[in-house]
There are 4 protein chains.
Amino acid sequence: MGLYIKGNRMIIVMKYGADEAQIEAVVHKIHQSGLKEHLSRGAELTIIGVIGDEERLDPSRFAILPGVDRVNRVAKQYKIVSRSTHPHGTTIKVRGIEIGGAQIQIIAGPYAAESAQQMDLSADALALISCRLMRCGAFHSPPYAVPRKEREALAWLKHAAARHQLPVVAELSDVRMLDAFMEHDIEMIQIGERNMQNLDLLREVGRINKPIILKRGVSATIVEWLMAAESIAAGGNHNIIFCEHGIRTFENAYRNVLDVSAIAVLKQETHLPVMVDPSDACGKSWMVPALTKAAIAAGADGILLDVHPNPAEALYAADQTLSPLDLAQLIAGLQPLAAALGRSL
Amino acid sequence: MGLYIKGNRMIIVMKYGADEAQIEAVVHKIHQSGLKEHLSRGAELTIIGVIGDEERLDPSRFAILPGVDRVNRVAKQYKIVSRSTHPHGTTIKVRGIEIGGAQIQIIAGPYAAESAQQMDLSADALALISCRLMRCGAFHSPPYAVPRKEREALAWLKHAAARHQLPVVAELSDVRMLDAFMEHDIEMIQIGERNMQNLDLLREVGRINKPIILKRGVSATIVEWLMAAESIAAGGNHNIIFCEHGIRTFENAYRNVLDVSAIAVLKQETHLPVMVDPSDACGKSWMVPALTKAAIAAGADGILLDVHPNPAEALYAADQTLSPLDLAQLIAGLQPLAAALGRSL
Amino acid sequence: MGLYIKGNRMIIVMKYGADEAQIEAVVHKIHQSGLKEHLSRGAELTIIGVIGDEERLDPSRFAILPGVDRVNRVAKQYKIVSRSTHPHGTTIKVRGIEIGGAQIQIIAGPYAAESAQQMDLSADALALISCRLMRCGAFHSPPYAVPRKEREALAWLKHAAARHQLPVVAELSDVRMLDAFMEHDIEMIQIGERNMQNLDLLREVGRINKPIILKRGVSATIVEWLMAAESIAAGGNHNIIFCEHGIRTFENAYRNVLDVSAIAVLKQETHLPVMVDPSDACGKSWMVPALTKAAIAAGADGILLDVHPNPAEALYAADQTLSPLDLAQLIAGLQPLAAALGRSL
Amino acid sequence: MGLYIKGNRMIIVMKYGADEAQIEAVVHKIHQSGLKEHLSRGAELTIIGVIGDEERLDPSRFAILPGVDRVNRVAKQYKIVSRSTHPHGTTIKVRGIEIGGAQIQIIAGPYAAESAQQMDLSADALALISCRLMRCGAFHSPPYAVPRKEREALAWLKHAAARHQLPVVAELSDVRMLDAFMEHDIEMIQIGERNMQNLDLLREVGRINKPIILKRGVSATIVEWLMAAESIAAGGNHNIIFCEHGIRTFENAYRNVLDVSAIAVLKQETHLPVMVDPSDACGKSWMVPALTKAAIAAGADGILLDVHPNPAEALYAADQTLSPLDLAQLIAGLQPLAAALGRSL
């Protein structure tokens, strides 16, 4: 909490023609707030730097003053997740499997839980292909869809994966379900794109001791995403993995645009691992191989993939889902790519 | 649940050069799913209409088939909230105050609860200006902000407003807080833009009997917004008010772009009332009067405004907040406007 | 051209942990560029202000230096079009008709020129409704459309309008057509949204003495738009009218989102008039009345509308086009609105 | 031109509750336009397919009719550039260098021409690194920048490159400059992102016999981009190379988002080669290697890069520019990547 005491700053840009009284009123409010100013006058433009403690620095309280053109924070607000606090990248371990190291991880499994058998067949296929982690996404049921049986589905997932010693990832959307996740010992928890800024949920998973895969909201800026991670980290849980999931743009030839630039930026801004979910980003299985390769080439530490024993019969998201054979072929193609990048798979 | 039985459809567009076997495979899957097809062959392009029951109609299960170019739903998925079910607009009453009728409602109050005194001063000012409804928005506290005392804040709000018989609106973000909202008899519940697709929360407020103000997510399409409302309505609560709140675009000269076109589209697509929150949309109090006028001219049934007894001392969102005097002047300017549009204020 | 000599500035924010040598290298480059620095050191963060002449201030030359986090311009780059140079708004006159004054102007006419008869019927209808200005938009012909006969179309437009003494607006997209516009004495020239950043075209219309209606590119920021206007103004032609035309967003329920916030921002940033084209923004005639009202309520000085003698037979853009009767009814509804806002129509 | 005669279609979706008379009026207009209809009636929804000749098929003429909900084209409008006309990809040769084949091409050179010496040094460096093609981008001079000397710059570029037998690419923005491009025998012409929909320019380059690199507008959809290429191809010049250049989104952590999904989609939709310009997309040289790798992994046939003999002294775009050493190191890293993908560099 004392993290922001020193050196934090905003810059207040006065309007052209702001007068002395307006400048003084700003300086007065800075002092009144227990902060210090740093004045820089120009022939046309006066700029005022503000130095001090974060808590007292809400920019909008200065932006409202007469003669102020705009107020910009210059200090970054995320701290624990910032690479400046951990110049070397962080590796997160899940039962001995490293995420964020030289080995790239493929986490695969069904988009939605349908039955115990579907889960078993999925786990069997993953084990055969030598995948090391299994996932099951939540399904966002439309108003008239069949009700979810989440607790039962968690049991299916866990049982199927345990037969092959695969740690699992499942999506938590309702804070009241956290107990069930703990009971079933779900190894990693995914926060979906719709909950990236659900502060109540972020706070809860900040208090537990399991790795969190934090998906990017479809219109979240990278700074908002880093701040969401900071909201988890502030509770004590620093085991956070970012997962790029596509962003919403004007283009409608595919669901979302996979933002590979975000991978490069995160690798600079945070020490935490970065994964990518190409299935959900594009919504089309035929695009998944190209996007997976692009994500890995851009530096991703892992990939989340929708895989179903029989995609043509998947209840949801069939057309973004790979078959086990598709997955095996994709992985075969990824191995030389990973090697060319100095990594393994 | 039987609503979708008849006449619902998708259109399957085959690729150029799709062959007979591919077309037959699609038709076979349509039959297999208990649906009917309607085939239209052209020299270059074959189109297949699909007729039947919604539950079996997940488009992605057809999109995955070889030779299929794309699959589009043609039937709309929202039903209860659709204007086609209520050609005349619906009016929602809160303690005798009509929302969605000829009278335009201004709902004003602080962005965030700070103290009992702040709430009292706010309510006093609103009563003086003859506002009929009071609001208090939730604050989305950043990781290191002071913890919220939501229950206490609800009590402040309710007590302050009750002194002037003002019904109140407050934002619910955590499903575990719903009890407190019921206990304090908060008259209307706001679902914030970050929770527009929080299905667990939508389901809960679908079971109670209070009007819900459903804010649009900053990157939600109008169809997604209508579907979110349908998710509430499906639970039995049809008292839903849409609230346009600005959408996120490439422009960064202001926070979000107030989408007045959405007002016109909603007025056609749904029978439910439509409100607008210009304060939060633009983030600048100097823009609020122009946007308020634009919203009313475009057909909005009401306006949500951030008002604080002393904006320069507001703890949050100071620069988007009006003073009571600003509000009084704004309302004076709105009265002739409302009259020119055949409405009252 | 000496406008930017004094007081222009950038702010260079150093990275956390930037060392002395890096700071000195930045300062050295500032001096080397003939500029001055203003250093502000904090415990964690050093900020360097740069003072001097615009020409030498390309931010990217500093952003590339080691230890630099980012470089922001703080001075605005538009000058002639800035309201700071003309605190009172500018009124532009076209044959005695004022744009930017108390009177709101409606400029109506066909989306595309089809025939002399179509133009005559359009002009007759406008005269009957007491419109004071006539327009004809260019049509952006798709690859296989009938070739445009632009010169002929200009003659039709001018002849039809002259019969009723209506000054005209036409769109110029090819710089080689400028002569024809001058020959036919087209009173105002429209630069379309696709050419907002066509610098060659902007320079040419900067050298003539006719009012220019500068449409906003569908993804242009307001600052880029102001800079495009500055590019015209720099050539000597200061008779520029901004025309908001809708921006491209993720929403696809209508063509573009009419950005009413832009009207409010332009009114603050520039002294020049602001118009709005709701027809082309939304692409649907049934939405035009609501958007026209919103634009006027937000402060627009005029409206461009697509009107055709018989919209159902219009060759292009039929569904965004009003009939003369639609227009007459719309105008009747706008008169009380304008009056309520203290303006006339 | 007879390409669209057969089988082209739209689908007209009627509103819920559209009556017989409305359906008949639509059918009547279809007949009147010399087209045929295909009627599909459902209990709730009637859909009308339209079959016939493209020229008579402007969807908006049907969208305007009473009872019509929407009109969608189902046939694609691009033909020459469509992969369906050339199932195998097309390779474009420039002086024996293949673009679109197994070999990936790196086209490098300065963002803007500064001097003959700068061009010579650039060409010398490229030759040393074994680059096979040289480029120079246009600079979009802001209003008060030094005037461009384009003709002189073309001579510098051509002279510098000729010393090493490097074919060159330069950007054409003003149609009046085409003669100069022909005179100097500029081997490839780039159409910049701001001119992607400048139809006059597209038509002119459609008439010459040089490869065109067509950059994507920052907010152009893929369909619009394909149509822009079709506009060139319709004139007879089929030597078109697409160049993804980043799209504008809400994110402002970098200039534009490099859309790697577009590469995959273009590879399916068109037979023409696809290149990527990561420098201009992201605007930061430190991100260029990651984005270059991602683009190649996603299937790009080539990369355009900003390279300057001394980036720190580049007059424009310094911070997105690589030094010759940076380029040599990047290429060394790309070689194993290309090999892993079954290509060469």
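The single residue among B:ALA75, B:ALA63 that is within 7 Å of another protein chain (Cβ to nearest Cβ) and modelled with pLDDT of 90 or more turns out to be B:ALA63.
Looking only at the range A:34-53, filter to residues that are facing another protein chain (nearest Cβ under 7 Å) and open to solvent by 30 Å² or more (accessible area, probe 1.4 Å); which one of those is farthest from the chain's Cα centre (by Cα)? That would be A:ALA43.
State all residues of the range A:183-195 that are over 14 Å from A:LEU157 (Cα atoms) and either part of a helix (DSSP H, G or I) or facing chain B (nearest Cβ under 9 Å) (or both); if no residue qualifies, say none. A:GLU193, A:ARG194, A:ASN195 - these are the residues of the range A:183-195 that are over 14 Å from A:LEU157 (Cα atoms) and either part of a helix (DSSP H, G or I) or facing chain B (nearest Cβ under 9 Å) (or both). Of all the criteria given as (1) buried (at least 24 other Cβ atoms within 10 Å of the Cβ); (2) closer than 23 Å to B:SER219 by Cβ, the one not satisfied by A:GLU269 is (1).
Going by what's in this entry, would C:SER130 be described as under 30 Å from D:GLY236 (Cα atoms) and either of a type in the set (S, T, N, Q) or modelled with pLDDT of 95 or more (or both)? Criteria not met by C:SER130. Just so you know, in the range C:70-84 the residues that are open to solvent by 50 Å² or more (accessible area, probe 1.4 Å) and part of a strand (DSSP E or B) include one that is nearest to C:LYS15 (Cα to Cα), and it is C:ARG70. Looking across C:ALA328, C:ALA312, C:ALA295, one residue alone is assigned to a helix (DSSP H, G or I), more than 14 Å from chain B (Cβ to nearest Cβ), among the small types (Gly, Ala, Ser) and in contact (Cβ under 8 Å) with a residue 12 or more places away in the chain. It is C:ALA328. Looking only at the range D:300-309, decide whether some residue is surrounded by fewer than 21 Cβ atoms within 10 Å (Cβ to Cβ), over 19 Å from A:GLN335 (Cβ atoms) and more than 14 Å from chain A (Cβ to nearest Cβ). There is at least one residue in the range D:300-309 that is surrounded by fewer than 21 Cβ atoms within 10 Å (Cβ to Cβ), over 19 Å from A:GLN335 (Cβ atoms) and more than 14 Å from chain A (Cβ to nearest Cβ). Could you list, in sequence order, the residues of the range C:197-215 that are within 12 Å of chain D (Cβ to nearest Cβ) and either open to solvent by 10 Å² or more (accessible area, probe 1.4 Å) or under 13 Å from the mean Cα position of the chain (by Cα) (or both)? The answer is C:GLN197, C:ASN198, C:LEU199, C:ASP200, C:LEU202, C:ARG203, C:GLU204.
Every condition in (1) touching a strand residue (DSSP E or B) at 6+ places or on another chain (Cβ under 6 Å); (2) more than 23 Å from B:VAL257 (Cβ to Cβ); (3) β-branched (Val, Ile, Thr); (4) open to solvent by 10 Å² or more (accessible area, probe 1.4 Å) is met by C:ILE186 except one, and the failing one is (4). Listed by first and then second residue, the pairs with beta-carbon distance under 6 Å, at least 6 apart or on different chains, first residue in the range B:224-246 and crowded, with 24+ Cβ neighbours inside 10 Å, second modelled with pLDDT under 95 and of a type in the set (Gly, Ala, Ser), are B:HIS245/B:ALA281; B:GLY246/B:ALA281. Only a single item in (1) in a strand (DSSP E or B); (2) within 14 Å of chain D (Cβ to nearest Cβ) is not met by C:GLU230, and it is number (1).
Looking across the range C:272-287, the residues that are open to solvent by 10 Å² or more (accessible area, probe 1.4 Å) and among the charged types (D, E, K, R) come down to C:ASP280, C:LYS284.
To keep it simple, each residue is scored yes or no on (1) in contact with a strand residue (DSSP E or B) (Cβ under 7 Å, 6 or more places away or on another chain); (2) closer than 15 Å to B:ASP277 by Cα.
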| residue | (1), (2) |
| --- | --- |
| B:LYS293 | no, yes |
| B:ALA297 | no, yes |
| B:ILE303 | yes, yes |
| B:VAL307 | yes, yes |
| B:GLU313 | no, no |
| B:GLN320 | yes, yes |
| B:ASP326 | no, no |
| B:GLY333 | no, no |
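No other residue among A:PRO87, A:PRO66 is over 11 Å from A:MET10 (Cα atoms), under 27 Å from the mean Cα position of the chain (by Cα) and part of a loop (DSSP other than H, G, I, E, B) apart from A:PRO87. Can you find even one residue in the range C:195-212 that is under 23 Å from C:LEU133 (Cβ atoms), without any contact (Cβ under 8 Å) to a residue 12 or more places away in the chain and assigned by TED's automatic domain parsing to the domain that holds C:PRO87? Among the residues of the range C:195-212, not one is under 23 Å from C:LEU133 (Cβ atoms), without any contact (Cβ under 8 Å) to a residue 12 or more places away in the chain and assigned by TED's automatic domain parsing to the domain that holds C:PRO87, which makes the answer no.
Among the residues in the range C:260-273, are any assigned to a strand (DSSP E or B) and more than 11 Å from every other protein chain (Cβ to nearest Cβ)? Yes, there is a match, as at least one residue in the range C:260-273 is assigned to a strand (DSSP E or B) and more than 11 Å from every other protein chain (Cβ to nearest Cβ).
Restricting to the range A:310-345, name every residue that is at positive phi and surrounded by 21 or more Cβ atoms within 10 Å (Cβ to Cβ). Before you say what the answer is, go through the steps one by one.
Just the residues of the range A:310-345 that are at positive phi, to begin with: A:317, A:342.
Listed by number, the list holds a single entry, A:ALA317.
Filtered by the rule that a residue be within 27 Å of A:ILE247 (Cβ to Cβ) and either open to solvent by 10 Å² or more (accessible area, probe 1.4 Å) or in contact with a His (Cβ under 7 Å, 6 or more places away or on another chain) (or both), the range A:165-176 gives A:GLU171, A:SER173, A:ASP174, A:VAL175. Selection of the range D:237-258 for residues being within 12 Å of another protein chain (Cβ to nearest Cβ) and in a loop (DSSP other than H, G, I, E, B) yields D:GLY246, D:ARG248, D:THR249, D:PHE250, D:GLU251, D:ASN252, D:ALA253, D:TYR254, D:ARG255, D:ASN256, D:LEU258. If I filter the range C:110-126 for residues that are open to solvent by 60 Å² or more (accessible area, probe 1.4 Å), of a type outside the set (Val, Ile, Thr) and at pLDDT 95 or above, do I get at least one hit? Checked against the condition, which is being open to solvent by 60 Å² or more (accessible area, probe 1.4 Å), of a type outside the set (Val, Ile, Thr) and at pLDDT 95 or above, the range C:110-126 yields at least one hit.
The values are calculated or read from the model by the stated rules, or taken from the named source; none is laboratory data. Quick caveat, the model's predicted, so the values are computed rather than measured. Because the Cβ atoms are built from the backbone with ideal geometry, glycine has one as well, and the counts that use them run over all protein chains shown. Side chains included, ligands, DNA and RNA excluded: accessible areas come from the protein's heavy atoms. Shrake-Rupley method; radii C 1.70, N 1.55, O 1.52, S 1.80 Å.
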